[in-house]
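To keep things clear, I will list the structure first and then write my remarks on it.
What follows is calculated from the coordinates using simple rules that are stated; it is not laboratory data. This one's a predicted model, so the numbers in the text were calculated from it and none came from an experiment. Neighbour counts are summed over all protein chains in view; Cβ atoms, including those assigned to glycine, are modelled from backbone coordinates with ideal geometry.
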Amino acid sequence: MFRLVASAGICLCLLAVAMGAYVSHGAAVSAAQQQSLEVAVRYQMWHGLALIGLALMPLSQRWANALAASFVVAISLFSGSIYGLILANWKAIWWMTPLGGSLLILTWAALLVGCWKGQRT
C-alpha cells in the first residue's frame, strides 16, 4: 500500500505544479479568482505531501488506507471544486468546496487520533 499512497501524493503534487503554472501564466482570470486558484493549488500541494508522509508513517494498513482515501476525496472536492468553479464556470458544484474543507479537517483530526491511540503496524 506504500506505493499506492505515495504515488497518489506524488500525482497530487505533480498536478499542483502543473496547475500552478497554468494559473500563474495562462489562465485568463481576475485577481480575486487567481487568488482562489492559488489557494486550491497550495492546499493540493500540501495534501499531496501529507499523503507522501502518511505512506511513511508506522500506522496500521487499514488506518493508513482509510486516511489516504479520505485525504484524496477531500482534496479532490476542495481543490477540484475551486478549479471547476473558476476555470469551467460550473456553478452547481459550489457546495463541494466547504464539504471538502470540512473533510480535510476531519481527516487531520483522525490522523491525530490514530497517532495517539496507537494505531501502528
- prompt: For the stretch 1-74 and the stretch 80-121, what is the separation of their C-alpha centers, rounded to whole Å?
  reply: 11 Å
message: Can you tell me which of Tyr43, Tyr83, Tyr22 moves the most in a GNM of the chain? Springs connect C-alpha atoms under 10 Å apart.
response: Tyr22
field: Cβ-defined net charge surrounding Ala16, 12 Å radius [Lys, Arg +1; Asp, Glu -1]
entry: 0
